[in-house]
Amino acid sequence: MNQLYRSKNEAAAKVVVEDWGRLNWLAGRAVGNCEHLTLGRAMIKKGRSNPKHRHANCDEVLYLLQGKLEHIVGEQMLIMEAGDTCVVPAGVLHVARSIGEEDADIIVAYSAGDRQYQEEK
């Protein structure tokens, strides 16, 4: 790991665009700046949802900056508003849908540098 600093321009150049929104990975093993944690910012478009998935090797923490989410974590359904935090334990299926009047803007953190993403088919 040799990159201790990452500018906003460097981060903006690596945005992953999906049909449901976008992901911007800020720190982690794939980024090359953090071995034991992954940090990102996600946006889920109004009325859309990300795929149902799990991370077998790490916990996930979501902090909602803007918008409103319906987040299903395992068998539990949560309604998140700006300022709310949700912890998803390792291995638990989850999916978030933006149900507010604006796109949902989320900070996401994982307890591993290489979050293992497994989408439910």
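So the values come out like this:
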read-out	value
Given charges at Cβ of Lys, Arg, Asp, Glu: the stretch 13-116 dipole, positive-most of Ser98, Met43, Val16	Val16
Calculated FRET value between Met77 and Val16, using beta carbons and R₀ = 35 Å, to 0.05	0.85
Amide H contacts under 5 Å for Leu78, placed H, 5+ residues apart	His71, Ile72, Val73
Taking N as its residue count, the alpha carbon Rg of the chain over 2.2 N^0.38 Å	1.02
For the stretch 13-116, size of Cβ-based charge dipole, Lys and Arg +1, Asp and Glu -1, in debye	300 debye
Segments 37-46, 15-24 sorted - mean Cβ within 10 Å per residue, highest first	37-46, 15-24
Under 5 Å, built H, 5+ apart or other chain: amide partners of Ile99	Gly47, Lys68, Leu69, Glu70
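Computed from the coordinates by the stated procedures, all read-outs in this text should not be read as laboratory data. Here the structure is a predicted model, which is why all the values come from computation and not from measurement. So basically every Cβ, Gly included, is an ideal-geometry build from the backbone, and we count neighbours across all protein chains shown.
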